[in-house]
Amino acid sequence: MQDVPEKVPLYVDEGVSTMKRTLSGLLILCLMLTIMPLSYAQQQHQKAVYELYSEDGYYEDDVGNRENYSYHVPQIYADTPAAKEINAEIAEKFGSRVETQYRYMEGGYSLSLCYTGWQAYWSGARMFLLITAVEDGDLRDYAAYGYDFETGNRVTNEMILEQKGISREAYLEALKAKVQLMFKDMFWDMLSKLRRTDVYDDMLEKTMFWLDADQPIFLNEYGEIETIVKFVTVAGAGLNHYLVTPFSDQGSGDRTYRISLEGDTFLVESCPESAKEGETVTVQTYDVTDGDKKISVSGVDGTEINWFEYQFVMPDHDVVVQVEFMDYGLA
């Protein structure tokens with residue numbers, strides 16, 4: 001029998017925490033499981049991930065800057081060499097950054113990391129973890145990990161491409177084409193109006209330089225290949241990470257894309273979780289009396305319709321709506 005971590009696993013399919021049950025409830029549950037046993041896949045989904053860090057809070061530094069933070073760092077609930085290796089990588093890449101923020105809080109310093117979160121996607125017994133970190137300036141960092149609960153092995157790029165029947169050459173060709181389209185959507189209009197097409201060409205060349213078939217890929221909730229790409233950004237911001245689905249344009253045209261909400265989400269009254277390409281998305285917000293609010297959408301230019309509404313046109317990729325409360329400093 002395998003040893004398992006001491007942490008209680010999260011039921012990632014349902015997104016709810018484990019609840020205490022009475023003895024009679026447990027007896028009923030055991031009886032039901034005896035009569036109607038769970039399939040292997042169902043069992044694995046229910047005992048797949050626990051969190052190394054799980055905290056949401058509010059923090060004010062020594063100079064009065066107010067910040068909300070959300071730190072959730074996953075670990076695979078399995079006792080195999082591959083799971084331990086992945087868990088160690090996650091702890092090093094994301095857990096260490098959360099620990100740094102805790103030290104900042106102890107010293108009264110401003111936070112440099114406001115969010116870490118994760119999502120789990122399934123393809124049979126294979127689970128893919130997508131982890132996101134958001135830092136100052138809305139700079140994002142992603143990491144993807146694949147684990148096969150049936151074999152106990154890590155899922156590699158080659159395994160994913162083989163599963164989908166796609167060669168490395170075809171994947172890389174589609175990836176380059178999709179990145180060029182996304183890059184044009186994000187930067188061409190702005191830089192061409194500023195008559196800085198030379199800057200655009202330089203940024204695109206540097207972005208394309210990073211592309212290869214060895215970057216971590218995963219299968220998203222639609223079963224599509226998705227990968228993480230470093231985009232060169234304007235104004236000296238360096239590199240930002242985006243999620244790219246190279247083959248998404250081969251669908252029926254009715255595919256919806258994710259809309260994630262991050263930051264000071266208490267200011268948002270309503271925001272759809274997804275939309276189709278070309279649809280107008282409206283974000284409804286609450287009024288604030290002791291400050292202002294700033295809304296931005298990753299890779300998309302939006303418009304503030306009025307004090308309570310922000311709109312943007314959905315592109316052909318997932319987006320993140322970032323909401324920021326700006327304090328006036330009034331007592």
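Here are some notes:
- Cα-based Lys proximity count in segment 165-250, under 18 Å, for pairs eight or more positions apart or on separate chains: 9
- Of the residues Val155, Val281, Val313, the one with the fewest other Cβ atoms within 10 Å heads the list, and the complete ranking is Val313, Val281, Val155.
- Computed from the C-beta positions of Glu309 and Trp188 and an R0 of 30 Å, the FRET efficiency is 0.65 to the nearest 0.05.
- In terms of other Cβ atoms within 10 Å, Tyr109, Tyr242, Tyr53 run from fewest to most in the order Tyr109, Tyr53, Tyr242.
- Taking Met326, Met314 and counting other C-beta atoms within 10 Å, the order from fewest to most: Met326, Met314
- Rounded to whole numbers, the Karplus 3J(HN,Hα) couplings from phi for segment 168-185 are 4, 5, 5, 4, 5, 5, 5, 4, 4, 5, 5, 5, 4, 5, 4, 4, 5, 4 Hz, using 6.51 cos²θ - 1.76 cosθ + 1.60 with θ = phi - 60°, and x at Gly and Pro.
- At R0 = 25 Å, FRET efficiency that the Cβ-Cβ distance of Glu150 and Glu92 yields, to 0.05: 0.40
- Linear extension gain, Asp214 paired with Tyr109, 0.36 nm per residue minus alpha-carbon span: 34.0 nm
Values in this text are rule-based calculations from the coordinates and carry no lab data. These numbers were taken from a predicted model, which means no experiment stands behind them. Because the Cβ atoms are built from the backbone with ideal geometry, glycine has one as well, and the counts that use them run over all protein chains shown.
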